[in-house]
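*Asks:* Please read through the structure below; I'll follow up with questions.
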Amino acid sequence: APLGVDGQVSYAPGGVYTLDVRSNSIQHCERLNNPTLIFGKSGNDKAYVKITIDKDSTITKNLSASNRFNTLQLANRNPKRIKLEFHNSDSIPFYGVNFDDDRGVHVDNCSMRGNSGLPLSLFNVSLMQSFDEYLHYDLIILQYGTNVLHHSTKNYDWYEKKMHAVVEHLRTCFPNADFLIVSVGDKGYKEDMEMKTDSAVYPLLKSQRNYARSSGSSFINLFNLMGG
């Protein structure tokens, strides 16, 4: 699948699909800034979206999906509510609606639970570079490791090698970004009715520090910050 920058992609069901977004349903949000739809490539030339901004009349825009990365500005102001009605768009990969206002610090938290970090190597370089040109990433923080940690494993050289390759792949995808590796944190292990730090944490920490160094990334030892 043509995964988006958050590791996800969505497809609208056949027929008509409605998306209704209101600023008052989002904490600390007063306006939907510069609403822009982001979607991918499809040979579908019959798709269109009906857009209702606040209480205005509805307008219709075609969904031209000829490029690998496409954007469609949905409004020329910052509304409080936007309602989208998608028609004949089931073959188009959708990545979301962006509401950036170009001020302050913007954080995209791409949470993928149960993930080792290795599937990031599946990102399409050309598509990610298009995301980067649009969103201008300055810093990418990778916090993985817990899902590969196992009490009986004492050697993570394989993980070190593969994650080094992942970072190098992401550098190609996002050439203007710096990288920060956050290590695995403490993990409890029950031994003779006593909770101790899992002994596998130490070799995994070493491997994470090594691939951070070898890839020229910054490194934070979360285990030490938790008390060691």
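The values are calculated or read from the model by the stated rules, or taken from the named source; none is laboratory data. From a predicted model like this one, the values you see are computed outputs, not experimental measurements. Positions of Cβ are generated from backbone atoms using ideal geometry, with glycine treated the same way; all protein chains shown enter the neighbour counts. Ligands, DNA and RNA are excluded from the accessible area calculation, which covers all protein heavy atoms including side chains. Shrake-Rupley method; radii C 1.70, N 1.55, O 1.52, S 1.80 Å.
*Asks:* Which trypsin sites (Lys or Arg not before Pro) does the range 1-110 hold that lie in a coil by DSSP with at most 10 other beta carbons within 10 Å?
*Replies:* Qualifying residues, ordered by number: Lys46, Lys55, Arg103.
*Asks:* Restricting to the chain, compute how many DSSP beta bridges are antiparallel as a %, nearest 5.
*Replies:* 80 percent
*Asks:* Given the range 47-108 reduced to its alpha-carbon atoms as identical point scatterers, what log10 I(q)/I(0) does the Debye formula return at q = 0.15, 0.20 Å⁻¹?
*Replies:* Result of the Debye calculation: -0.55, -0.91.
*Asks:* Next up: For the chain, with the dipole built from +1 on Lys and Arg beta-carbon atoms and -1 on Asp and Glu ones, taken about the Cα centre, which of Gln73, Leu225, Cys173 lies farthest toward the positive end?
*Replies:* So the residue furthest toward the plus end is Gln73.
*Asks:* Of all chymotrypsin sites (Phe, Trp or Tyr not before Pro) in the range 1-79, which ones are in loop regions per DSSP and have a Cβ with at most 16 other Cβ atoms within 10 Å?
*Replies:* Tyr11
*Asks:* Moving to a separate point now. With charges only on Cβ, +1 for K and R and -1 for D and E, what is the dipole size of the chain about its Cα centre, in debye, rounded to 20?
*Replies:* 260 debye
*Asks:* Shifting gears a bit: Given Tyr134, Tyr156, His106, which one lies farthest toward the positive end of the charge dipole of the chain, if we put +1 on the Cβ of every Lys and Arg and -1 on the Cβ of every Asp and Glu?
*Replies:* Value: Tyr134.
*Asks:* Let me have the relative contact order for the range 149-226, percent, based on Cα pairs under 8 Å that are six or more residues apart.
*Replies:* 43 percent
*Asks:* Quick one: of the DSSP bridges fully inside the range 106-228, what percent are antiparallel, nearest 5?
*Replies:* Close to 35 percent.
*Asks:* With the calculation restricted to Cα positions, what are the radius of gyration and Dmax of the range 1-110 in angstrom?
*Replies:* Cα radius of gyration and Dmax of the range 1-110 are 14.0, 39 Å respectively.
*Asks:* Leaving out ligands, DNA and RNA, and with a 1.4 Å probe, what % of the accessible surface on the chain is carbon or sulfur?
*Replies:* Accessible surface attributable to carbon and sulfur in the chain totals 46 percent.
*Asks:* Could you check which residue among Met112, Met195, Met128 shows the biggest mean-square fluctuation in a GNM of the chain with a 10 Å Cα cutoff?
*Replies:* It is Met195.
*Asks:* Return the sequence-ordered ³J(HN,Hα) values of the range 157-167 in whole Hz as given by the Karplus equation 6.51 cos²θ - 1.76 cosθ + 1.60 applied to θ = phi - 60°, using x for Gly and Pro.
*Replies:* For the range 157-167, the Karplus-derived couplings read 4, 5, 6, 4, 5, 5, 6, 4, 5, 4, 4 Hz, x marking Gly and Pro.
*Asks:* Could you name the lysines in cross-link range of Lys190, using Cα to Cα under 18 Å and dropping any fewer than eight places away on the same chain?
*Replies:* Partners found: Lys154.
*Asks:* Hey, which aspartates and glutamates would be in cross-link range of Lys196, C-alpha to C-alpha under 15 Å, not counting anything within fewer than 8 residues on its own chain?
*Replies:* Hits, sequence-local ones excluded: Asp186.
*Asks:* Distance between the C-alpha centers of the range 111-187 and the range 1-79? Whole Å please.
*Replies:* The range 111-187 and the range 1-79 have Cα centres spaced 28 Å from each other.
*Asks:* State the label only: which of (i) 46, 38, 38; (ii) 67, 35, 34; (iii) 57, 47, 26 corresponds to Cα extents along the principal axes in Å computed from the shown model?
*Replies:* Matching the structure shown: (ii).
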